[in-house]
Amino acid sequence: MIDGQSPGVPWRRRANGLELRVRLTPRGGRDTVDGIDILSDGSVVLKLRVRAAPQDGEANEAARKVLAKALRMATSSITLEAGATSRVKTLLIAGNPVALEAALTEICKI
């Protein structure tokens, strides 16, 4: 583990939870977690797809809700740290980092 991040995963441990890198596809036809992907620059992201349009923060809010539902936690536990207008975003997930890693591993089937 380097700098709190396991190789090949889009998250990094923080003191109060996890920092998660996601690639969001707005107007994706459905609200779902599509697994892990490697971008052209080599960074690892969790792919999320939402039906919402990328306007007025609707897609960002939908992404928080999709992830919260998948993790079975409150949407308020997930905050957008960076990338509000970008497809690649950094989300902070509050909670026990070990439990969150286990839940994300299960969701991503790794």
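General observations
- Selection within region 40-57 - hydroxyl-bearing (Ser, Thr, Tyr) and open to solvent by 40 Å² or more (accessible area, probe 1.4 Å): 40
- Residue list for region 38-74, filter: among the β-branched types (Val, Ile, Thr) and either closer than 18 Å to residue 26 by Cα or touching a Gly at 6+ places or on another chain (Cβ under 7 Å) (or both): 44, 45, 50, 66
- Only one entry in 37, 31 is charged (D, E, K, R), open to solvent by 50 Å² or more (accessible area, probe 1.4 Å) and over 17 Å from residue 105 (Cβ atoms), namely 31.
- A Cβ distance below 7 Å, combined with a sequence gap of six or more or placement on separate chains, defines the contacts here; from region 1-22, residues that are open to solvent by 50 Å² or more (accessible area, probe 1.4 Å) reach residues that are part of a loop (DSSP other than H, G, I, E, B) and at pLDDT below 90 in the pairs 12/3; 12/4; 13/4.
- Pairs with Cβ under 7 Å, 6+ apart, first in region 59-71 and within 15 Å of residue 83 (Cβ to Cβ), second of a type in the set (Phe, Trp, Tyr) and at pLDDT below 95: none
- Scoring residue 99 on the criteria (1) open to solvent by 40 Å² or more (accessible area, probe 1.4 Å); (2) under 20 Å from residue 36 (Cα atoms); (3) touching a strand residue (DSSP E or B) at 6+ places or on another chain (Cβ under 8 Å); (4) hydrophobic (A, V, I, L, M, F, W, C) leaves a single failure, condition (3).
The values are calculated or read from the model by the stated rules, or taken from the named source; none is laboratory data. Quick caveat: nothing in here was measured; it's all calculated off a predicted structure. Counting neighbours? That spans all protein chains shown, and the Cβs are built from the backbone with ideal geometry, glycine included. When the accessible area is computed, the model is the full protein with side chains, heavy atoms only, and any ligands, DNA or RNA have been set aside. Shrake-Rupley method; radii C 1.70, N 1.55, O 1.52, S 1.80 Å.
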